[in-house]
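The values are calculated or read from the model by the stated rules, or taken from the named source; none is laboratory data. Bear in mind that the values here come from a model prediction, so they are computed numbers and not experimental data. Here Cβ is always computed from backbone atoms with ideal geometry, including for glycine, and neighbour counts include all displayed protein chains. Just so you know, the surface numbers come from the protein's heavy atoms only, side chains and all, with ligands and any DNA or RNA stripped out. Shrake-Rupley method; radii C 1.70, N 1.55, O 1.52, S 1.80 Å.
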Amino acid sequence: MNNQALVRARCILRANKLVHRPKEPATAGVQNLMSSRVASSSFQHHRFAFSSVAQQEQSSTDRRPSALEQANLDVITPGHSIFVLQKYAADGLALIRQSDFIKLCESARPGNMKDAKAIATALKEFRRNNRFVLQKAGARAAVEGMIRSSISNYKELYGKPRLHAAVFVADQIIDEKTALYFAIETELVDQVLGEIQQALTEMEERGMQVKIEIKEKASGDEDDDEKLLFKTLRVTEGLVKVLVNRSVRPEFNMKKRAARNYLKRLQTVAGPELSTLKLATDIALSIGGAAVTQKDIVDPYAAAWWTKGVVDESILKAIADAESREEEAARAAAAEEEAANTEDDSEAEEAGEGDEDAKDEKE
């Protein structure tokens, strides 16, 4: 009996211990599970990262050398480089790498116009023959290389050679065959316009007249300086229109195939900034006057849908001031001409009276 009571007491104590034993928090198991999952995911991440690095290293080592790397030229110039690249892609199957084109542009020598022309030729040839898509880095290298090569390497640079160089580069930007339209940034256009403005300032400091009379048709009797200034005005107008046309998204009005081809080459849709418009306005005012500036520079800019017809007040004020100065100069010129005609008439009358007196004396 005592043994049975003892056994029963032990069972009761054991049951009480099981009931009143402190339970583990329910989140402990979840935390353990989460920690195990994090550990496994971090392991997988490191494994994948290691594998991707290994693949990149393997691809970099297995990358086929470019055309210029295979040629291993002792002297790299744009002329040598374009010859190698043309030969490399002569069958039309091989494509020109962007890195090779950038090397070609970076090899342009200062003050060597042949190198600038070689870059312009490369832009046209690669686009036409090898489906070459110019990117922003390539466009920057091309413009900087042409500026560096086309500006004469003189100790004291006269404004006229600088103007020739800037007009040449601007012509390449406007030309659709070079594809600079699709990839050039506004900053580079401002750089070219800045070179033009600086050249005009230097020419004025040397006493050269940069303002010309704008004619509807060229007579052919213009001198070389007048032709250069007229071309400068034309390329300035062209640069503004290029940026404006690109910024209004013309692909929306194209047919599907034309829009696809256009978008394949398009790298940026940046339009003219306020700095661009100010530079172009100053150049046009210096050469053509207020009416030409309003018609060829400001009006195309204001016609873009994103400007909503709003033009900066400083630009409008500059045009208005130039117009008032031109009117004053025209009035002064008319007054001088009238005074000169009056003086000629009075001299003619005096001469006529003198002849009559001499005739009377003879009689």
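Remarks
- Pair list, Cβ under 6 Å, 6 or more apart: region 257-285 residue more than 19 Å from residue 139 (Cβ to Cβ), other residue not in a helix (DSSP H, G or I): 274/312
- Residues of region 97-121 that are open to solvent by 60 Å² or more (accessible area, probe 1.4 Å) and in contact with a helix residue (DSSP H, G or I) (Cβ under 7 Å, 6 or more places away or on another chain): 103, 106, 109, 110, 113, 114, 121.
- Condition met for residue 124 (surrounded by fewer than 22 Cβ atoms within 10 Å (Cβ to Cβ) and within 23 Å of residue 237 (Cβ to Cβ)): yes
- Among the candidates 150, 107, residue that is out of contact with any Phe, Trp or Tyr (no Cβ under 6 Å at 6 or more places or on another chain) and of a type in the set (Ser, Thr, Tyr): 107
- Selection within region 199-215 - surrounded by 13 or more Cβ atoms within 10 Å (Cβ to Cβ) and not hydrophobic (A, V, I, L, M, F, W, C): 201, 202, 204, 211
- Verdict on residue 263 being surrounded by 14 or more Cβ atoms within 10 Å (Cβ to Cβ) and part of a helix (DSSP H, G or I): no
- Just one of the listed residues (123, 134) is modelled with pLDDT of 85 or more, closer than 20 Å to residue 170 by Cα and assigned to a loop (DSSP other than H, G, I, E, B), namely 134.
- Qualifying residue in region 120-141 (condition: in contact with an Asp or Glu (Cβ under 9 Å, 6 or more places away or on another chain), acidic (Asp, Glu) and within 22 Å of residue 99 (Cα to Cα)): no
- Taking every residue in region 303-330 that is farther than 18 Å from residue 270 by Cα and pairing it with any residue that is of a type in the set (A, V, I, L, M) and open to solvent by 60 Å² or more (accessible area, probe 1.4 Å), at least 6 positions away or on another chain, the pairs with Cβ-Cβ distances below 6 Å are 312/274.
- Of all the residues in region 160-198, those that are acidic (Asp, Glu) and open to solvent by less than 50 Å² (accessible area, probe 1.4 Å) number 4.
- Only residues that are in contact with a helix residue (DSSP H, G or I) (Cβ under 9 Å, 6 or more places away or on another chain) and loosely packed, with under 10 Cβ neighbours inside 10 Å were counted in region 310-332, giving 1.
- Every residue from region 236-256 that is in contact with a Phe, Trp or Tyr (Cβ under 8 Å, 6 or more places away or on another chain), touching a residue at least 40 places away in the same chain (Cβ under 8 Å) and open to solvent by 30 Å² or more (accessible area, probe 1.4 Å): 248
- Checked against (1) under 25 Å from residue 320 (Cβ atoms); (2) under 21 Å from the mean Cα position of the chain (by Cα); (3) aromatic (Phe, Trp, Tyr), residue 262 passes all but a single condition, namely (1).
- Residue check, residue 291 within 15 Å of residue 233 (Cβ to Cβ) and either buried (at least 18 other Cβ atoms within 10 Å of the Cβ) or among the small types (Gly, Ala, Ser) (or both): yes
- Hits in region 78-96 - residues which are free of Cβ contacts under 8 Å to residues at least 40 places away in the same chain, surrounded by 17 or more Cβ atoms within 10 Å (Cβ to Cβ) and either part of a loop (DSSP other than H, G, I, E, B) or aromatic (Phe, Trp, Tyr) (or both): 88, 96
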